[in-house]
Structure formats: structure tokens, C-alpha cells
Ligand SMILES: [Ca+2]
Ligand SMILES: [Ca+2]
Ligand SMILES: [Ca+2]
Ligand SMILES: [Ca+2]
């Protein structure tokens, strides 16, 4: 997920320490490393970041926070690499029983929105407002069975609206494309459905080959990464030949993607327990390892966004309207 907190055109990475402190590493022409560090504030760990996006549409990425009792606030990115607590403009409770699934500009109005899902599998969207708040919409789809999970989001077909990627328990992937109207998504099953072996997992998305369409980054049990390139029809081309790469011994996590060196190709941050480095995207949609590394404390956590698991054993009825049901 590309994140540019200070709006300078270079993507940045946010870290959070176990004590709640936020640190920003700012991208620059030389890349993310050596890190250009801003200490961006601290908040009790009773508050968790549940999403990152540009909710007020000013070109700077913002944090979406959730308190343990369900209050939701935003912090708006500022030009100096810090954040303005937006509690004065915006505080609300999350939709009852719902958890954040994805953040993106689903309707293409220039402000990021939040997609929520409840335990019954029902989706709803709140849309970003000019003051960095969230407005309820009338969009609610019928329940999607909990054998399906939303595993990623990105603008896969490059039309300016964020799309979402689903995966079933059996490994099938399908995307839903963002639309300008109030329904938010159209099921793109015909062009996007692919069965992927279950030892492969979606890590993240980013426009790794710089063609204006987001691509999907996969990893397998043996830490091999491969990307799929987004196509104009919302389907994907498996880019295994150009992108397959074995991650280094001791590899721990790769959750951040963005164009940290500003060359137009999204890059990947990878870390071991104590060392961070980047793989730089290239025109073929592959990745070029850099020799630059930075040391980090084990307690510094790049996986900021809590992943909710909404599975529960009883299958939900598949009664959705046809355009929004990801079933084959
Ligand atoms: Ca913003
Ligand atoms: Ca799209
Ligand atoms: Ca692309
Ligand atoms: Ca880059």
C-alpha cells in the first residue's frame, strides 16, 4: 500500500513501537534507506491503526484509528511529516458489528473511503469527507459467505477507483471493481477468477511496473515472491518469469509497498528481525535488490494494521444481488 504522509511525492513508511510511538521513515531520491526519520507522535496502545489512506483528499496519507470501545478518529498527515489529530472535526463510532476490511478510493472522488464487513459477511462503505471524516453511504450488499476473505485492495484496472481482491478457502481469487455509482463494486469474476495453490498468500499490492495499474504481490511458504500485473480488464497476468525472487535467509516480514525512491515503480520493504532493506520495482514488474540496509529494533512494528478475522463456522446464505456476489 503506497503511503505518502507528507505529500512530497515520495512514499513513506510508518512504524509503531510497542509503547505506541509512531516513527515515519520518509522516502527520498536515494530511497528509504538511510532512513530520514520523523517522530510523529504517540498515542495509547488502546488505540490501533485500522487503516491508512488520504481521507480528506489533500494528497497526504492519514491514519484511521480505532479505540478498544469502537470510537473512530483520523489523524491527518501534515507537510512536515507529522500528523494533526482530527478529533475536533471527526470522531464517531464504527458501524455496529463491523470491522475495517480495506481503505481506498472506491468511488473515485479523490478521497479515500473505508470498506467494512460484519460477521454475517455483509459489506458497507463509509466515504471520506473534506474535513477528513467518514460519511455513511447507502451501499450495503447482501452477505458474502465467510468462506471468502478480502485479501487486498488496489486499482487493478487503472480507472482511478480502488478495487478489492477476494480469496476463497479453496484458493480461488476474484476481484470486484470499484464503480462511480452508489453500488461501489461490480463482480469481475469472468476476467479475474484464478485458482491459486493454498501455499501462496497475497502479501500486498502496488504498481510495481509503473503502468498505472496496481499489481498483486504473492509469497509462498518458502519465501518466494511473485507478482501478478494488473490489466485494463481488471484481470491479472502472472509475471512469474520477471518477478520470481527468493527472499533472504532470516526474512521476517514484508508488508509495506510504495515508491520510496520516486522513480515511478513501487518498491517493497522487507525485514529480518533487526535489519530492513528494500527491493526496488522495475519496468518489467520485477524487483532489484539494493545493498542498503538499516538496523531496527525488534519492537518496531511495520505491520501497523490489525487484520481482523471474521470467519465463523456457519456459512452465510448466498443471497446477494448477482453483481456483488463473488461466488463463481
Ligand atoms: Ca490527507
Ligand atoms: Ca479500479
Ligand atoms: Ca502495474
Ligand atoms: Ca521505486
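The values are calculated or read from the model by the stated rules, or taken from the named source; none is laboratory data. Computed from a predicted structure; not experimentally measured. Glycine gets a Cβ as well: all are built from the backbone with ideal geometry, and neighbour counts include every protein chain shown.
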Exercise. Looking at (1) closer than 14 Å to residue 108 by Cβ; (2) touching a helix residue (DSSP H, G or I) at 6+ places or on another chain (Cβ under 9 Å); (3) at pLDDT 95 or above, can you tell me which one residue 176 breaks?
Worked result: (1)
Exercise. If residue 145 satisfies every condition in (1) over 18 Å from residue 236 (Cβ atoms); (2) within 16 Å of ligand 2 (Cβ to nearest atom) but one, which is the exception?
Worked result: (2)
For this session: Mind listing whichever residues of the stretch 39-63 are free of Cβ contacts under 8 Å to residues at least 60 places away in the same chain, within 25 Å of residue 104 (Cβ to Cβ) and in contact with a strand residue (DSSP E or B) (Cβ under 6 Å, 6 or more places away or on another chain)?
Result: 40, 41, 47, 60, 61, 63
Exercise. Do you know which residues across the stretch 143-158 are assigned to a loop (DSSP other than H, G, I, E, B), within 16 Å of ligand 3 (Cβ to nearest atom) and surrounded by 20 or more Cβ atoms within 10 Å (Cβ to Cβ)?
Worked result: 155, 156, 157
Exercise. If you take the residues in the stretch 192-217 that are surrounded by fewer than 16 Cβ atoms within 10 Å (Cβ to Cβ) and outside any strand (DSSP E or B), which one is nearest to ligand 1 (Cβ to nearest atom)?
Worked result: 212
For this session: Name the residue, out of 182, 160, that is near ligand 2 (Cβ under 10 Å from one of its atoms) and in contact with a strand residue (DSSP E or B) (Cβ under 9 Å, 6 or more places away or on another chain).
Result: 160
Problem set entry | Top-ranked residue of the stretch 235-249 - restricted to ones that are within 27 Å of residue 17 (Cβ to Cβ) and touching a residue at least 24 places away in the same chain (Cβ under 8 Å), ranked as surrounded by the fewest Cβ atoms within 10 Å (Cβ to Cβ) | 248
Problem set entry | Where residue 272 falls short, out of the listed (1) within 14 Å of ligand 4 (Cβ to nearest atom); (2) closer than 22 Å to residue 300 by Cβ | (1)
Exercise. Do the conditions hold for residue 191, that is, is it within 23 Å of residue 60 (Cβ to Cβ), at pLDDT 95 or above and out of contact with any helix residue (DSSP H, G or I) (no Cβ under 9 Å at 6 or more places or on another chain)?
Worked result: no
Exercise. For residue 63, all conditions in the list (1) at pLDDT 95 or above; (2) under 16 Å from residue 256 (Cα atoms); (3) outside any strand (DSSP E or B) hold save one; what is the number of the exception?
Worked result: (3)
For this session: Just one of (1) surrounded by fewer than 20 Cβ atoms within 10 Å (Cβ to Cβ); (2) closer than 22 Å to residue 261 by Cα trips up residue 13, so point out which.
Result: (1)
For this session: Please specify each residue of the stretch 28-60 satisfying the condition of being within 20 Å of the chain's Cα centre (by Cα) and not in a strand (DSSP E or B).
Result: 32, 54, 55, 56, 57, 58, 59, 60
Seminar exercise, completed: From the option list 174, 164, single residue qualifying as farther than 20 Å from residue 51 by Cβ, more than 16 Å from ligand 4 (Cβ to nearest atom) and crowded, with 20+ Cβ neighbours inside 10 Å is 174
For this session: Answer yes if at least one residue in the stretch 173-181 is part of a strand (DSSP E or B), away from ligand 3 (no atom under 16 Å from the Cβ) and farther than 30 Å from residue 138 by Cα, and no otherwise.
Result: no
